1. What are the ³J(HN,Hα) values, in whole Hz, obtained from phi via the Karplus relation 6.51 cos²θ - 1.76 cosθ + 1.60 with θ = phi - 60°, for each residue of region 154-160 in sequence order, with x given for Gly and Pro?
2. If the chain between residue 50 and residue 80 were fully stretched, how many nm would it gain, using 0.36 nm times the residue separation less the Cα-Cα distance?
3. Under a 1.4 Å probe, what is the accessible area of region 89-167 per residue, stated in Å²?
4. Can you classify region 11-82 as rounded, prolate or oblate using the Cα gyration tensor, where a ≥ b ≥ c are the square roots of its eigenvalues, rounded means a/c under 1.5, and otherwise it's prolate if a/b beats b/c and oblate if not?
5. Please give the helix 109-129 orientation as an angle from the longest Cα principal axis of the chain, in degrees from 0 to 90, rounded to the nearest 10.
6. Quick one: 3J(HN,Hα) in Hz for region 54-66, Karplus 6.51/-1.76/1.60 with θ = phi - 60°, rounded, Gly and Pro as x.
7. With every atom except the alpha carbons ignored, what do you get for Rg and Dmax of region 92-151, in angstroms?
8. Just for the Cα atoms in the chain, what are the lengths along the principal axes, largest first, rounded to whole Å?
Amino acid sequence: RELHRRASTNFEKGYYEEALEDCLQAVEKEKTDYISWYLLGNIYLYGAGKFSNVINLDKAEEAFINASKYIDADLTVNSEANELGSQIYFCLAQTRYFLSNDFFVEGNEDSADKKLEQAEQSNRTAVRLGPSNNEIQYAQAKYLHLLNKDDEALKILDKIIDNDKNIA
């Protein structure tokens, strides 16, 4: 817990190299700690600042996969796990979307399409675990649109709009 707490504090301060070092030690000591795997994924996904850049999308994807693997048993137990699980799968989807873009820029359209399909599937799980999160719903519509599934995307957008109308 101390390594995770220190990594989290350093991440918030923008000390990404230090956060990465502590978080790697945390997951080494407790392999099934999905909270530390989730933090590690975020460090690799967002870890660029004024003094360092530890962004590594392949390692972010691996960390989020491990986080989703280790939280899986807790998903049926309580709603807090479902909320965190939704965020883990959402971040996994974002990472896969960014990887898809990298493949596309490199001219590897087949790999780009496959990674985009994986992003949509990960985000679909995020939606299932956190159905009231509009940000995740919008991402799902975006992935579906990019996969030329516009009818499904429009249904999601209509649902979000209806929900927003009912709030007012």
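The values are calculated or read from the model by the stated rules, or taken from the named source; none is laboratory data. Since the structure is predicted, the reported quantities are computational estimates derived from the model, not experimental observations. When the accessible area is computed, the model is the full protein with side chains, heavy atoms only, and any ligands, DNA or RNA have been set aside. Shrake-Rupley method; radii C 1.70, N 1.55, O 1.52, S 1.80 Å.
1. 5, 4, 5, 5, 4, 5, 5
2. Working: separation 30, 0.36 × 30 = 10.80 nm, distance 3.39 nm.
Length gained between residue 50 and residue 80: 7.4 nm.
3. Working: 4690 Å² over 79 residues.
For region 89-167, the solvent-accessible area averages 59 Å² per residue.
4. Numbers: a/c = 2.20, a/b = 2.06, b/c = 1.07.
Verdict is prolate for region 11-82.
5. 90 degrees
6. Taking θ as phi minus 60°, the curve returns 10, 5, 8, 5, 5, 6, 4, 4, 4, 5, 5, 4, 5 Hz for region 54-66.
7. Calculated on Cα positions, Rg and Dmax stand at 11.4, 36 Å.
8. Rounded to whole Å, the extents work out to 46, 43, 30 Å.
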